[in-house]
Amino acid sequence: QRFTANVRFARSHDNGKTFSSPVTLNDDGRVAGHSFVSLALDGDGRVALVWLDGRDRDAARAKGGTFAGSSLYAALSTDNGVSFSANRAMAAHTCECCRTALAWSPRGPVALWRHLYDGGIRDFALAYLDDGMVHRASEDAWRIEACPHHGGGIAVDPRGNLHLVWFTNGDLRQGLFYRRIEAGGEAAGGASPLAFGNADAQAGHPAVAVAGERVLLTWREFDGRAYSAHAMQSSDGGLSWHAAQRLAETGGAADYPLPLSDGNVLKVLWRSADEGTRVWTLADESATKTVLKAVSR
């Protein structure tokens, strides 16, 4: 049926040349929405997935009740994806069409998603899957009776600090924002996040990656004529930032730029209809002048 799907998983033993037969991970057996999947692994046998799930909403409506949004569900493996735990409900009443994000931290997998708060506010929440506690990650007061189709991004540095990016059009903030949460911090709280990108050029769909002390943000803009891919780096773990870079533009359709990291090297991947897939390796800018100071500690 429309807007329904299953979460499917396959694994490879030969660097992606061949894959195992795919298996379905959502265990509800319902013809329901299971979508916007994120996957992360620790390299030592643990695999985690989170997704937006419509089973609770459908069950409530089947009984004549109401249910706002979707739910966040997770599945975990401790044997490199050979088998998975039963599905676990992490949060109810999530925004139904904003992509999820997932990263691995010293405390295990940590998820970021847009949540439905009281009064129809759609701000971000995060949770460490191992303890299941949900914490608010942004306080923008975006009250909207529709899904923005605009998820956030999360990365974790070697010290366990969280690096978050998102878009909002709330009463308190509008545009793209970055926030750093110190290792062990449970919620955003306190200092204001750092704004970046050109809101007048529809800056949107941010993503984040880390390599040691380097943090990389990417996003897309549209000036009414062409799409452009942008990047911005920090050399000190997100405490200060170098000038933003305009990597390329295209007059045709374009996807969102993606930051990539192997823990040492940072790259940006961007695909457009006219130029195809392009990849940039970004130099370490630690010797260049810093132009922005992040206030999110």
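The values are calculated or read from the model by the stated rules, or taken from the named source; none is laboratory data. If you're wondering where the values come from, they're calculated on a predicted model, not measured in any experiment. Cβ placement follows ideal geometry from the backbone for every residue including glycine, while neighbour counts extend to all protein chains displayed. These area figures cover heavy atoms from the full protein model, side chains too; ligands, DNA and RNA do not enter into them. Shrake-Rupley method; radii C 1.70, N 1.55, O 1.52, S 1.80 Å.
General observations
- The solvent-accessible area of His205, taken with every protein chain present and a 1.4 Å probe, is close to 30 Å².
- Integer Hz, Karplus 6.51/-1.76/1.60 couplings in order for the range 120-130, x for Gly and Pro: x, 7, 10, 10, 9, 10, 9, 7, 7, 5, 5
- Surface composition of the chain: carbon plus sulfur atoms hold 50% of the accessible area, using a 1.4 angstrom probe and ignoring ligands, DNA and RNA.
- Model label points for Ser20 and Ile144, set 7 angstrom from Cα along the Cα-to-Cβ axis, are 3.9 nm apart.
- Cβ-defined net charge surrounding Pro148, 13 Å radius [Lys, Arg +1; Asp, Glu -1]: 0
- Rounded accessible area per residue of the chain, 1.4 Å, Å²: 46
- The GluC sites (Glu not before Pro) found in the range 88-174 that occupy coil by DSSP, while having at most 11 further C-beta atoms within 10 Å, are Glu145.
- Fully extended contour minus Cα-Cα distance, from Asp27 to Ala59, at 0.36 nm per residue: 10.1 nm
- For the range 142-231, trypsin sites (Lys or Arg not before Pro) meeting the loop criterion (DSSP other than H, G, I, E, B) and having at most 16 other Cβ atoms within 10 Å: Arg159, Arg225.
- Our note on the geometry: Cα centres of the range 11-60 and the range 105-153, 20 Å apart.
- Cβ-Cβ FRET estimate between Ala183 and Arg136, R0 fixed at 25 Å, reported to 0.05: 0.85
- Ranked by how many other beta carbons lie within 10 Å on average, peptides 19-29, 116-126, 253-263, 44-54 from highest: 44-54, 116-126, 253-263, 19-29
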